[in-house]
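Novice: Just passing along the structure, written as C-alpha cells.
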Amino acid sequence: MPAIEPDPGAGAVASPAAGPRAEAVIDTGAVRHNVRYLSGLAGGSGAATMVVVKADGYGHGAERIARAALTAGADRLGVATLDEALALRAAGIDAPVLSWLHLPDEDFAAAVAAGVDLSVSSREHLAAVLAGARAAGRPVRLHLKADTGLSRNGCPPGEWPGLVDDAVAAAVDGTAELAAVWSHLARADEPGDPSIDAQAERLRSAVAHVRGRGITPLVHLANSAATLTRPDLHLDVVRAGIAVYGLDPVARPQDSPLRPVMTVRGRIALVKTVAAGEGVSYGHEWVAPGPRVLALVPLGYADGVPRRSNDRGRMRVLVAGADRPVVGRVCMDQFVVDCGAPGELGVAAGDQVELFGTGTTGGPTAQEWADELGTIHYEIVTGISGRVRRTVPPTGADGRDR
C-alpha cells in the first residue's frame, strides 16, 4: 500500500489559529448598503421598501437582517409563515410585517393579535383569517393576492370578484382592513420578457375591481429584479429579497451595485500527501494523478456544501490564497481539497478555507458556486445549515461599518 506522508511544504502538525470549525460571516454593513441603494431606487419612484426576511433571512438570520434593514431605510418586512412573523414580534420588532404563505386551517388569531398583516388568496383562506380576527378581537390588515400568471399562490381571475366581495364585507363590518392588493412576477429576472408587462396589466385589472368598490389599497408587485430594472412597476411598495443579501437577481458584470453579505469559511482539520493512483473519498470518483497534498475540511452536506459539488473538481475554494478544487465525494461532515503537488502550496492544519464570499479576496462567490452546480445563488446561501456558526464583524470605533 502506498505510503501516506506529511506534506513537507506545509507540515502535518501545526498550531491552529483560533477560530470556529466553520462560520458564515454576516456583513451587516453590506446589508445596510444594499438596503440604502434599493430604498433609494424605490423612493425615487415614491414607493416604500419591504425587506423580505423569510427562511431565517435567507440563511443570514432574520432578526439580524431585519434590524439592519430597518436602520437603513426599510419601511416594512415580509415573511412566508406565521411562525416567522411571530418570531420577529417576539424579538421586539414592531415594524409592519406581512406574512403570505399559509394553510387555510391555521390558527391566525395570534398573528392578528400581534398586528401582522396577512395575505389571502381564496375565500376559504379569508374566512379562516377573519375567524382569527374575531378571536383576537381586532381587525386584520389584509393583502389580497392576485394570481397574474405565476400560477402558484394567488387568487385566479375567475374567483377574484368573490374574494373581493368577502373582503369588502369584512371591511364594512370592521373585521378587516383591505390594505393592499399584490402579485408576484414569474420572469422579472429576464428584463424585457413580455410576461412582465402582461402580469402588470392583470394586476391593474384586479386593482381596478377593488377600487370600483370604493377602496383604495396599496399595490405591490416588484421583487428584487423589478426593483432594479422596472421603476414603472415600483407602485406603492417594492419587495426586496435576494438583492438585500447582495446577490444580484439579474445577470450583470462584476460591477453590480450590491455587496454580498455572507462569507462562508472553514478550517483545515488534516493535511496529508497521497501517492499517484490513490482514490479519494467514497466511490473513488477522483484518483490522484500524481503525488498530491490533500487538505481535509470538516464541512459537508449537513452544513450545506452540496454533495454534487465534487463532480470532476468543478467546485473550488480558496486555500492559502489559491483557488483549489474540491475532489472526491463531499460527505456529510467533510470534504477534501486538492492542494497540488508537494511543495506547491503551503497549507497546514488549522488554516482557513473560504468556500464562498464577496469575491474580492480571489475566492469564489455564491453566484459562481451556483453557476458551477446549475442552480441559483438563493439555494447556496439558504442551504448553509444552522451547524455553521453565524458571526458578525464588528464596526469601527467611530461606529461606521468596516
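The values are calculated or read from the model by the stated rules, or taken from the named source; none is laboratory data. Here the structure is a predicted model, which is why all the values come from computation and not from measurement. Neighbour counts are summed over all protein chains in view; Cβ atoms, including those assigned to glycine, are modelled from backbone coordinates with ideal geometry.
Novice: Scan the range 263-275 residue by residue and report those that are part of a loop (DSSP other than H, G, I, E, B) and either crowded, with 19+ Cβ neighbours inside 10 Å or free of Cβ contacts under 8 Å to residues at least 24 places away in the same chain (or both).
Specialist: Result: Ile268, single match.
Novice: Filter the range 149-167 for residues that are crowded, with 17+ Cβ neighbours inside 10 Å and more than 24 Å from the chain's Cα centre (by Cα) and give the result.
Specialist: Passing the criteria: Cys155, Trp160, Leu163, Val164, Asp166, Ala167.
Novice: Kindly check whether there is at least one residue in the range 231-239 that is of a type in the set (Val, Ile, Thr) and over 20 Å from Arg36 (Cα atoms).
Specialist: Checked against the condition, which is being of a type in the set (Val, Ile, Thr) and over 20 Å from Arg36 (Cα atoms), the range 231-239 yields no hits at all.
Novice: In this structure, is Ala179 of a type in the set (Gly, Ala, Ser) and either in contact with a helix residue (DSSP H, G or I) (Cβ under 9 Å, 6 or more places away or on another chain) or outside the structural domain of Leu203 (by TED's automatic domain parsing) (or both)?
Specialist: Considered against the rule, which asks whether it is of a type in the set (Gly, Ala, Ser) and either in contact with a helix residue (DSSP H, G or I) (Cβ under 9 Å, 6 or more places away or on another chain) or outside the structural domain of Leu203 (by TED's automatic domain parsing) (or both), Ala179 comes out as no.
Novice: Still on this structure: Restricting to the range 195-237, give me the number of residues that are of a type outside the set (S, T, N, Q) and assigned to a loop (DSSP other than H, G, I, E, B).
Specialist: Count: 11.
Novice: Exactly one of (1) modelled with pLDDT under 95; (2) touching a Phe, Trp or Tyr at 6+ places or on another chain (Cβ under 8 Å) is unmet by His220. Its number?
Specialist: Condition not satisfied by His220: (1).
Novice: Something else now. Just wondering, is there one or more residues in the range 356-366 that are over 21 Å from Leu258 (Cβ atoms), among the aromatic types (Phe, Trp, Tyr) and either in a strand (DSSP E or B) or modelled with pLDDT under 90 (or both)?
Specialist: no
Novice: Also: Regarding Gly283, is this residue part of a helix (DSSP H, G or I) and either out of contact with any strand residue (DSSP E or B) (no Cβ under 9 Å at 6 or more places or on another chain) or surrounded by fewer than 15 Cβ atoms within 10 Å (Cβ to Cβ) (or both)?
Specialist: Considered against the rule, which asks whether it is part of a helix (DSSP H, G or I) and either out of contact with any strand residue (DSSP E or B) (no Cβ under 9 Å at 6 or more places or on another chain) or surrounded by fewer than 15 Cβ atoms within 10 Å (Cβ to Cβ) (or both), Gly283 comes out as yes.
Novice: How many residues does the range 303-332 contain that are assigned to a loop (DSSP other than H, G, I, E, B) and either outside the structural domain of Glu344 (by TED's automatic domain parsing) or surrounded by 15 or more Cβ atoms within 10 Å (Cβ to Cβ) (or both)?
Specialist: 11
Novice: Here's another thing I want to ask about it. Would you mind stating whether Val250 is in contact with a Phe, Trp or Tyr (Cβ under 8 Å, 6 or more places away or on another chain), among the β-branched types (Val, Ile, Thr) and part of a loop (DSSP other than H, G, I, E, B)?
Specialist: Judged against the criteria, Val250 is not a match.
Novice: Sticking with this structure for a sec: Does Leu101 satisfy the condition of being assigned by TED's automatic domain parsing to the domain that holds Gly158 and crowded, with 22+ Cβ neighbours inside 10 Å?
Specialist: No, not satisfied.
Novice: Further question on the same structure: Sort out which residues of the range 131-147 are among the basic types (Lys, Arg) and buried (at least 24 other Cβ atoms within 10 Å of the Cβ), and write them in order of number.
Specialist: Within the range 131-147, just Lys145 meets the criteria.
Novice: Identify, from the list Val244, Val238, Val210, the residue that is farther than 27 Å from Val319 by Cβ, in contact (Cβ under 8 Å) with a residue 60 or more places away in the chain and more than 20 Å from the chain's Cα centre (by Cα).
Specialist: Answer to the selection: Val210.
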